[in-house]
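The next block holds one structure in the form of structure tokens; read it before the comments.
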Amino acid sequence: MKKAVVLLSGGLDSATTLAIAKSQGYECYALSFDYGQRHSVELDAARRIAQSCGTIEHKIIRIGLGEFGGSALTDARIAVPNTPQEGIPVTYVPARNTVFLAFALGWAEVLGSADIFIGVNAVDYSGYPDCRPEYIEAFERLANLATKAGVEGEQFKVHAPLIMLKKAEIIRIGTDLGIDYALTVSCYSADDDGRACGSCDSCRFRKTGFIEAGFPDPTRYKS
């Protein structure tokens, strides 16, 4: 079986991406980050999902993106908006996916893997620039230019299987693959018990996705 490094946040999209990678016959090595996010309860969700999906190994790496701030997800002084925003919202974390993919690339090279999976989406999403197809293509080119394995002929592939799917389509796929979405936490400001606010961007997309998919929403909300 081929090995794959799968970025796992603990949310709905990354859980579905992990299930897709497994369904394609990969041995999955899950990688999560404690990066100073205010919603760190998602790491508990990532642990549950990794165990439920039978990953070979699950690493949680601590990195200090919170030292920079600049995002409502890493700076307590910036409020998480509860209404839709124009342009790129304050929940964007500068360079987050670039940092995450760089770590995934390093682990993949050590494992002898050429495959990295990431659950980015460019349809039902908040407008983050590092969730677009052209970004994924650019990072894949970098991976093949900047590594010993790439120079010696290995061809790294960054898989983004959800990138052009609506949330309802993602939920249907994950449900077919046996994902228990009650294990996941998507909310940008979930409380310590994992209960969602119901009003942030992520909650709104998730709620609408379950309605459009025709499945009960298993999310626990604060009220």
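It is to be established whether one or more residues within the stretch 162-169 are in contact with a Phe, Trp or Tyr (Cβ under 9 Å, 6 or more places away or on another chain), modelled with pLDDT under 95, buried (at least 22 other Cβ atoms within 10 Å of the Cβ) and closer than 30 Å to ASN82 by Cα.
Residues of the stretch 162-169 that are in contact with a Phe, Trp or Tyr (Cβ under 9 Å, 6 or more places away or on another chain), as a first pass: 167-168.
Then drop every residue that is not modelled with pLDDT under 95, which leaves none.
Within the stretch 162-169, not a single residue is in contact with a Phe, Trp or Tyr (Cβ under 9 Å, 6 or more places away or on another chain), modelled with pLDDT under 95, buried (at least 22 other Cβ atoms within 10 Å of the Cβ) and closer than 30 Å to ASN82 by Cα.
For the list (1) surrounded by 14 or more Cβ atoms within 10 Å (Cβ to Cβ); (2) in a loop (DSSP other than H, G, I, E, B); (3) at negative phi, I need the number of the one condition that ALA79 fails.
Answer for ALA79: the failing condition is (1).
Counting only residues that are buried (at least 16 other Cβ atoms within 10 Å of the Cβ) and assigned to a loop (DSSP other than H, G, I, E, B), how many does the stretch 50-76 have?
The qualifying residues number 8.
Can you pull out the residues in the stretch 18-49 that are touching a residue at least 12 places away in the same chain (Cβ under 8 Å), part of a loop (DSSP other than H, G, I, E, B), farther than 19 Å from SER189 by Cβ and not hydroxyl-bearing (Ser, Thr, Tyr)?
Correct list: GLY25 only.
If you go through the stretch 117-148, how many residues are under 13 Å from the mean Cα position of the chain (by Cα) and either under 20 Å from PHE103 (Cβ atoms) or assigned to a helix (DSSP H, G or I) (or both)?
Of the residues in that region, 7 qualify.
Kindly indicate the residue of the stretch 164-178 that is of a type outside the set (Gly, Ala, Ser) and not in a helix (DSSP H, G or I) and also farthest from ILE136 (Cα to Cα) among those meeting that condition.
Our first condition is that a residue be of a type outside the set (Gly, Ala, Ser); within the stretch 164-178, this holds for 164-167, 169-173, 175-177.
In the following step, the residues that additionally are not in a helix (DSSP H, G or I) were identified as 164-166, 177.
Details: MET164: 12, LEU165: 15, LYS166: 18, LEU177: 25 Å.
Across the stretch 164-178, the extreme among qualifying residues is LEU177.
Being at pLDDT 95 or above, within 23 Å of ASP176 (Cα to Cα), touching a helix residue (DSSP H, G or I) at 6+ places or on another chain (Cβ under 9 Å) and in a loop (DSSP other than H, G, I, E, B) is the requirement here; does GLY10 meet it?
Criteria met by GLY10.
Does THR147 satisfy the criteria of being surrounded by 13 or more Cβ atoms within 10 Å (Cβ to Cβ), closer than 30 Å to GLY214 by Cβ, of a type in the set (S, T, N, Q) and in contact with a helix residue (DSSP H, G or I) (Cβ under 9 Å, 6 or more places away or on another chain)?
Considered against the rule, which asks whether it is surrounded by 13 or more Cβ atoms within 10 Å (Cβ to Cβ), closer than 30 Å to GLY214 by Cβ, of a type in the set (S, T, N, Q) and in contact with a helix residue (DSSP H, G or I) (Cβ under 9 Å, 6 or more places away or on another chain), THR147 comes out as no.
Out of the stretch 82-112, which residues are of a type in the set (Ser, Thr, Tyr) and not in a loop (DSSP other than H, G, I, E, B)?
The first filter runs over the stretch 82-112 and keeps only residues of a type in the set (Ser, Thr, Tyr), leaving 83, 91-92, 98.
Correct list: THR98 only.
The values are calculated or read from the model by the stated rules, or taken from the named source; none is laboratory data. In this text the structure is predicted, and so the values were computed from the model without any measurement. All Cβ positions, glycine included, derive from the backbone under ideal geometry; neighbour counts span all protein chains shown.
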